[in-house]
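See structure below.
Every read-out reported here was derived from the displayed coordinates using simple, explicitly stated rules and does not represent laboratory data. All values derive from a computational prediction rather than experimental measurement. Cβ placement follows ideal geometry from the backbone for every residue including glycine, while neighbour counts extend to all protein chains displayed.
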Amino acid sequence: MLEKMEKWGVIFDMDGVLIDSYHSHFMSWKQMLKRHGLNITEEQFSATFGQTNKDIISKLFPSIRPEEYELLAEEKEKTFREIIKRDFPEMDGASGLIKAIHEAGGLLGIGSSGPLKNIKTVLHLLGAERYFQAIVSGNDIIHGKPHPEVFLKAAKKLGLPPSLCVVIEDAPSGIKAAKAAGCPVVGLTGTVSQDRLAEADMVVDSLKKLNPDILKSLIK
């Protein structure tokens, strides 16, 4: 239970939580690969969703030299940023919830395995950069989810113990990471079904179902 003056925070995952990015990621892979004479179907992409760029590129370009991984990965991510700038797929209720948490005195963080440039682009398009005190990206971590590193680092940047930071996640690996870090966690359906988010403390189908009081009630 939170004491009245005690600080608290919320750490958002980005893809599938703040931004409905599935189609944008698919199209960015498709466009990048087309420039290199390759194709990817949605079924093939779906099978790779959640894997690192390096893993995907190594399967698509088996004879690639190691120094070329980063060039292709950055080409794909640059294409992704161009796509979302043209048609930004904000998750319903994202900007409203961010503002409400800020106004209620909550500290805000991002814990994502995505590139820092992507996170900054998304926060800019949400008009929310000024609300976030902590950003931890894929550039900052050694271990991906379900390892808790990303959320432990985000909580540390917020200056809070993990137990006072509610995580909002859309993926089973992210929920496992949050629980391993010692954070209360909300599962957001959309990327996967509710039953696959069963380890979360609460599961919702929209960010509009959340408010600061509900989030604070998860902090024991």
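Worth a mention:
- Of the residues Gln133, Gln51, Gln31, the one that moves most in a GNM of the chain with alpha-carbon contacts below 10 Å is Gln51.
- From its DSSP helices (H runs of at least four residues, each -39,500 (n - 2.57)), the chain gives a residue-normalised ellipticity at 222 nm of -13500 deg cm²/dmol.
- Between Asp55 and Glu129, the FRET efficiency from the beta-carbon distance, with R0 = 41 Å, is close to 0.85.
- Excluding exposed DSSP-loop GluC sites (Glu not before Pro) (at most 16 other C-beta within 10 Å), longest clean stretch of the chain: 7-198
- Formal net charge of residues neighbouring Asp92 (Cβ-Cβ distance under 12 Å; K, R +1; D, E -1): -1
- Given +1 at the Cβ of Lys and Arg, -1 at the Cβ of Asp and Glu and no other charges, the dipole of the chain around its Cα centre is 380 debye to the nearest 20.
- For Met202, residues with placed amide H under 5 Å, excluding near neighbours: Val185, Gly187
- Stokes-Einstein D for segment 22-86, Kirkwood Rh over Cα pairs, 37 °C, 0.692 mPa s (µm²/s): 276
- Between Gln194 and Thr41, the contour length at 0.36 nm per residue exceeds the alpha carbon distance by 52.5 nm.
- For segment 1-92, the list of trypsin sites (Lys or Arg not before Pro) that fall in a loop by DSSP and count at most 10 other C-beta atoms within 10 angstrom reads Lys4.
- Cα-based Rg of segment 101-220 normalised by 2.2 N^0.38 Å, two decimals: 0.99
- Cα radius of gyration and Dmax for the chain (Å): 17.4, 60
- Amide H contacts under 5 Å for Ile19, placed H, 5+ residues apart: Met91
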